[in-house]
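I have placed the structure first, in the form of structure tokens, so that the comments after it can refer back to it.
The values are calculated or read from the model by the stated rules, or taken from the named source; none is laboratory data. Because the structure is a prediction, the values reported are computed rather than measured. All Cβ positions, even for glycine, are placed from backbone atoms using ideal geometry, and neighbour counts span all protein chains on display.
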Amino acid sequence: MTTARFVRPLLLVLIAFFLAGGAIGQTDYQPSPENLQARREFQDMKFGMFIHWGVYSVLGDGEWVLHNRKLTLDEYNRLPAFFDPEKFDAKTWVALVKAAGMKYITITSRHHDGFAMFDSKVSNWNIVHRTPYKKDPLKMLADECHRQGIKLFFYYSQLDWHNPDYYPRGATNWDNGRPDHGDWNAYLDTYMDGQLRELLTNYGPIGGIWFDGMWDKPDADWHLAKTYALIHQLQPAALIIPNHHQKPRPGEDVQTFERDLPGENTAGFNTNYVSVQLPLETCDTLNENWGFNIGDSNYKSPAELERRLVRTAGNNANLLLNIGPYPNGEIDPQFVTRLHEVGEWLSQYGNSIYGTRGGPIPPGDWGVTTQKADKIYVHVLNWSAPLLALPPIAEKVTGARTLGDGAAVEFTQNADGLILKVPAAKKEEVDRVVVLTVKGN
Ligand code: JFZ
């Protein structure tokens, strides 16, 4: 039989694929009811704050400074002594998140420099042991988030430029003084899983873990099945969000994109594959850096940020918007004023964003749609003509009004589509929202 010639090798490939479960994820993963609920709540939140903050912030040159300047570890090891965020105040940070209309925080528990910004017993390369500050800011932040009803996620870098057991080293390797040997299994099973156990045990209920850095060693066995199972066992509702830019693997709960809308790849490293099952997220920077960079004044305007959020929601995803606080714990006033403006805008337009899913009409240059219950929100972002013709939708439109003043909007619906007579754009308007009330049929 000719088909057997194809089927047999295919079966072998499939068997090998499942046997390699350690590399590919939690193969028999069935998300728990708590996890599925957490995914829905995640989708409802729509807007979060990404925070890159570490000892690198002292140098004001981004979170990659150790690598970019090709520093040795002897040099970088001097840095924690200068990190003393005496102005850090968890209340102020969480209040800013709320004022911005954000619902969650994802903060670097450790970045590629491997430096734990929390009280870790696994290694003394951490903030409590090495800095004059001596305290655990993630604990203070977690407590404050719980008090104020904000979800907290931990960014965790799997890539490590500091630990000798991160060996063999990956694509970002340079000679920084580490020995040419190390115990990869110990790095993953003892060091990394040990720290993850701490993060999932000592900070109350957390939103999840945002992984980054696997792209440094794409072909390595990262013991994902074991790590993912550990997380889900410790906190079933914690979401695993991997920034590996590949098709989601079993055990992962959210698909995240970096600096691109789902399915787009202007950044050059994202996948075109968009999961239809998992919640989606995309992250971006408020200026052009993740960690504090003193030379970066290229802030996005509130209008740009609002439009970005609308387009993201219309693409059925969350926006995780980054700021890099100063090493003293303060947040750049340029970030603060912009975030306040976005928050004010959201207090008027939030109904068309929070709790919605991507709408029935494909996003276009003209704008996007979102939907919630019996409402479809038509977000007109780039359209100057009085009539907007949209493709057909399954439901019958029973009414159309503008969001805000509630003025009636004329419309015609037939088999060819839906035509809206959109009100003229106001000067400097960010988004014109027409709310359609629909009846399923
Ligand atoms: C990663 C980090 O390296 C960066 O510092 C920041 O934390 C960001 C949110 O995530 O960015 C990446 C991810 C992937 C690649 C490069 C940078 N890549 O595939 O080359």
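In region 151-202, the residue that is nearest to LYS103 (Cα to Cα) out of those that are within 22 Å of the chain's Cα centre (by Cα) and among the aromatic types (Phe, Trp, Tyr) is PHE153. Restricting the search to region 263-287, which residues are more than 15 Å from the chain's Cα centre (by Cα) and within 12 Å of the ligand (Cβ to nearest atom)? Matches in region 263-287: ASN265, ALA267, GLY268, PHE269, THR271. Flag not set for GLN43, criterion: away from the ligand (no atom under 16 Å from the Cβ), in a loop (DSSP other than H, G, I, E, B) and modelled with pLDDT of 80 or more. Each residue in region 210-257 was checked for being part of a loop (DSSP other than H, G, I, E, B) and either out of contact with any Lys or Arg (no Cβ under 9 Å at 6 or more places or on another chain) or away from the ligand (no atom under 16 Å from the Cβ) (or both), and 22 pass. Contact map, region 55-68: first residue in contact (Cβ under 8 Å) with a residue 12 or more places away in the chain and more than 16 Å from HIS162 (Cβ to Cβ), second residue more than 10 Å from the ligand (Cβ to nearest atom) and charged (D, E, K, R), Cβ cut-off under 9 Å, separation 6 or more or different chains; pairs are ASP61/ARG69; GLY62/ASP296.
Name the residues in region 206-219 that are farther than 12 Å from PHE154 by Cβ and surrounded by 15 or more Cβ atoms within 10 Å (Cβ to Cβ), would you?
Filtering region 206-219 for residues farther than 12 Å from PHE154 by Cβ gives 213-219.
Residues satisfying the conditions are GLY213, MET214, TRP215, ASP216, LYS217.
Checked against (1) out of contact with any Lys or Arg (no Cβ under 8 Å at 6 or more places or on another chain); (2) closer than 30 Å to VAL276 by Cβ; (3) of a type outside the set (Phe, Trp, Tyr), HIS181 passes all but condition (2).
Before we move on, is GLY355 under 18 Å from PHE47 (Cβ atoms), in contact (Cβ under 8 Å) with a residue 24 or more places away in the chain and not aliphatic (A, V, I, L, M)? The answer is yes for GLY355.
Table: residues versus (1) out of contact with any strand residue (DSSP E or B) (no Cβ under 8 Å at 6 or more places or on another chain); (2) assigned to a strand (DSSP E or B); (3) closer than 15 Å to LEU96 by Cα.
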{"residue": "GLU281", "(1), (2), (3)": "no, yes, no"}
{"residue": "GLU288", "(1), (2), (3)": "yes, no, no"}
{"residue": "GLU304", "(1), (2), (3)": "yes, no, no"}
{"residue": "ARG307", "(1), (2), (3)": "yes, no, no"}
{"residue": "ASN318", "(1), (2), (3)": "no, yes, no"}
{"residue": "GLU330", "(1), (2), (3)": "yes, no, yes"}
{"residue": "VAL336", "(1), (2), (3)": "yes, no, yes"}
{"residue": "HIS340", "(1), (2), (3)": "yes, no, yes"}
{"residue": "TRP345", "(1), (2), (3)": "yes, no, yes"}
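Every condition in (1) in contact with a His (Cβ under 7 Å, 6 or more places away or on another chain); (2) surrounded by 21 or more Cβ atoms within 10 Å (Cβ to Cβ); (3) under 19 Å from ASP119 (Cα atoms) holds for TRP161 except the one numbered (3).
Could you check region 123-176 and list, in sequence order, the residues that are closer than 29 Å to ALA237 by Cα, more than 16 Å from the ligand (Cβ to nearest atom), assigned to a loop (DSSP other than H, G, I, E, B) and touching a residue at least 40 places away in the same chain (Cβ under 8 Å)? SER123, ILE150, listed by residue number. Filtering region 391-413 to residues that are without any contact (Cβ under 8 Å) to a residue 12 or more places away in the chain and not in a loop (DSSP other than H, G, I, E, B) leaves ALA408, THR412.
Residues in region 89-109 that are surrounded by fewer than 21 Cβ atoms within 10 Å (Cβ to Cβ) and either assigned to a helix (DSSP H, G or I) or in contact with a Pro (Cβ under 6 Å, 6 or more places away or on another chain) (or both): ALA90, LYS91, THR92, ALA95, LEU96, LYS98, ALA99. Evaluate the following for PRO325: is it surrounded by 21 or more Cβ atoms within 10 Å (Cβ to Cβ) and assigned to a loop (DSSP other than H, G, I, E, B)? For PRO325, the condition - surrounded by 21 or more Cβ atoms within 10 Å (Cβ to Cβ) and assigned to a loop (DSSP other than H, G, I, E, B) - is met. Apart from one condition, GLY101 fits all of (1) on the phi < 0 side of the Ramachandran plot; (2) more than 16 Å from the ligand (Cβ to nearest atom); the exception is (1). You will find that of HIS232, HIS181, HIS146, HIS223, the residue that is over 23 Å from PRO80 (Cβ atoms) and touching a Ser or Thr at 6+ places or on another chain (Cβ under 9 Å) is HIS232 and no other.
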